[in-house]
1. Can you go through Glu192, Glu184 and tell me which one is touching a residue at least 60 places away in the same chain (Cβ under 8 Å), at negative phi and open to solvent by 10 Å² or more (accessible area, probe 1.4 Å)?
2. Can you pull out the residues in region 158-176 that are closer than 14 Å to Val97 by Cβ and in contact (Cβ under 8 Å) with a residue 60 or more places away in the chain?
3. Among the candidates Leu146, Leu113, single out the residue that is hydrophobic (A, V, I, L, M, F, W, C), at pLDDT 95 or above and open to solvent by 50 Å² or more (accessible area, probe 1.4 Å).
4. Quick check: anything in region 77-90 basic (Lys, Arg) and under 19 Å from Tyr190 (Cα atoms)?
5. For region 209-238, name all the residues that are open to solvent by less than 70 Å² (accessible area, probe 1.4 Å), in a helix (DSSP H, G or I) and without any contact (Cβ under 8 Å) to a residue 60 or more places away in the chain.
6. Just the residues that are of a type in the set (A, V, I, L, M) and open to solvent by 10 Å² or more (accessible area, probe 1.4 Å), please, taken from region 11-54.
7. For region 87-110, how many residues meet the condition of being among the hydrophobic types (A, V, I, L, M, F, W, C) and open to solvent by 10 Å² or more (accessible area, probe 1.4 Å)?
8. What's the number of the only condition in (1) within 27 Å of Val69 (Cα to Cα); (2) part of a helix (DSSP H, G or I); (3) more than 21 Å from the chain's Cα centre (by Cα); (4) of a type outside the set (S, T, N, Q) that Tyr121 fails to meet?
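The values are calculated or read from the model by the stated rules, or taken from the named source; none is laboratory data. As the structure is a computational prediction, the values presented were derived from the model and not from experiment. Note that we place each Cβ from the backbone using ideal geometry, even for glycine, and neighbour counts take in every protein chain shown. Protein only, heavy atoms only, side chains kept; ligands, DNA and RNA dropped before computing areas. Shrake-Rupley method; radii C 1.70, N 1.55, O 1.52, S 1.80 Å.
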Amino acid sequence: MDMKKWFKDAKYGMMIHWGLYSLLAGEWKDQRCGNYAEWIQTRCRIPQIEYDKLATAFNPVYFDADEIVKFAKDCGMKYIVFTSKHHEGFAIYHSKVDSFNIVDATPFKRDVLGELSEACYKHGLKFGLYYSQDLDWHDQNGGGYLSGHIPCEGTAWCNDWDYPDNDKKDYDVCFRNKIYPQIEELVSNYGELCLFWFDVPMTLKKEHSQAIFDLVKKYQPDCLINSRLGNGAYDYVSLGDNEVPEFIPKDTELKEILLNDIDGFKPSPYGLYETAATVNNSWGYCAWDQNWKSAKEIADIKHKLNNMGINYLLNVGPDGLGRIPAECRKILQNVAKYS
């Protein structure tokens with residue numbers, strides 16, 4: 001299949017943010033997480049020794065890959081993008097590279113990524129993966145330590161509460177020992193991937209981005225790579241979170257200084273664009289975030305984006321038991337009625 005043509009025709013997909021943060025549901029002791037529940041570890045500066053305990057309690061017995069994929073299909077979605085590893089550093093698949101993963105570190109012991117891949121194949125949806133290639137709060141050399149001057153959803157981009165000496169951090173070590181080999185696992189062990197969704201390229205040098213780009217293409221030459229890999233190595237442009245532009249500029253100049261910005265337009269080599277968005281405020285599950293968009297609002301956004309040729313990747317955040325929140329399900333079902 002021509003994946004570029006498929007992407008242009010797909011228009012609508014489901015993103016799934018899911019990790020250990022889902023257990024906390026937006027609260028740690030007497031603190032709330034802020035807008036993004038998946039950032040709670042840095043927002044509340046949770047020590048790694050405490051955060052690791054979540055893995056011993058992570059047992060999402062109601063996770064059902066087949067049901068989730070069928071639900072997405074019934075809602076009119078054409079592809080799923082799943083968080084294989086978010087900034088917390090926890091792999092939601094069986095990684096042989098690092099034991100901080102859903103099979104080795106939890107009582108659940110199931111490779112849900114493999115289950116989702118099989119379910120997508122069964123129901124005819126394309127499958128893509130999100131992977132945090134820069135930030136990794138579980139690794140003392142995880143990225144973000146050069147970006148303290150830039151505001152973020154937490155108190156820091158990197159883990160500077162467990163590992164306070166930023167001057168001694170070396171992303172090359174994390175890249176060599178964890179990032180690159182985990183991406184190699186993902187592109188070689190889970191069947192055909194329609195796309196790879198990377199995020200916040202702040203520490204990566206050009207050679208890091210190019211090495212990842214070449215690795216993905218080596219195993220899966222048709223897999224599309226989003227612009228947040230960084231440094232100009234990409235197949236399509238991810239706009240900013242929840243970004244709904246008025247129009248696509250006709251002459252978008254690719255300026256070196258804007259290469260790693262996650263908002264706004266960049267030239268797209270194949271004319272492919274996508275906006276990832278939330279149904280409420282948070283991406284990860286947050287029990288107290290009830291600021292849901294209406295089905296009509298979402299349908300209008302989808303219509304506007306699609307008419308500009310921009311795909312709409314709408315996120316759901318399953319809870320600690322593996323369930324998509326009921327209100328979110330109801331909204332997405334009603335969105336489908338407007339289509």
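1. Working: Glu184 fails: touching a residue at least 60 places away in the same chain (Cβ under 8 Å).
Criteria check complete, one pass: Glu192.
2. In the first step, residues of region 158-176 are kept if they are closer than 14 Å to Val97 by Cβ; the result is 173-176.
Within region 158-176, none qualify.
3. Values: Leu113 fails: open to solvent by 50 Å² or more (accessible area, probe 1.4 Å).
The match here is Leu146.
4. First, pick out the residues of region 77-90 that are basic (Lys, Arg): 78, 85.
Checking which are under 19 Å from Tyr190 (Cα atoms) leaves us with 78, 85.
Yes, that holds for at least one residue.
5. The initial filter retains those residues of region 209-238 that are open to solvent by less than 70 Å² (accessible area, probe 1.4 Å), namely 209, 211-213, 215-217, 220, 223-238.
Cutting the leftovers down to in a helix (DSSP H, G or I) gives us 209, 211-213, 215-217, 227-229.
Hits for region 209-238 are Ser209, Ala211, Phe213, Leu215, Val216, Lys217, Ser227, Arg228.
6. Result: Leu23, Leu24, Ala25, Ile49, Leu54.
7. 5
8. Tallying (1) within 27 Å of Val69 (Cα to Cα); (2) part of a helix (DSSP H, G or I); (3) more than 21 Å from the chain's Cα centre (by Cα); (4) of a type outside the set (S, T, N, Q), Tyr121 fails exactly one: (3).
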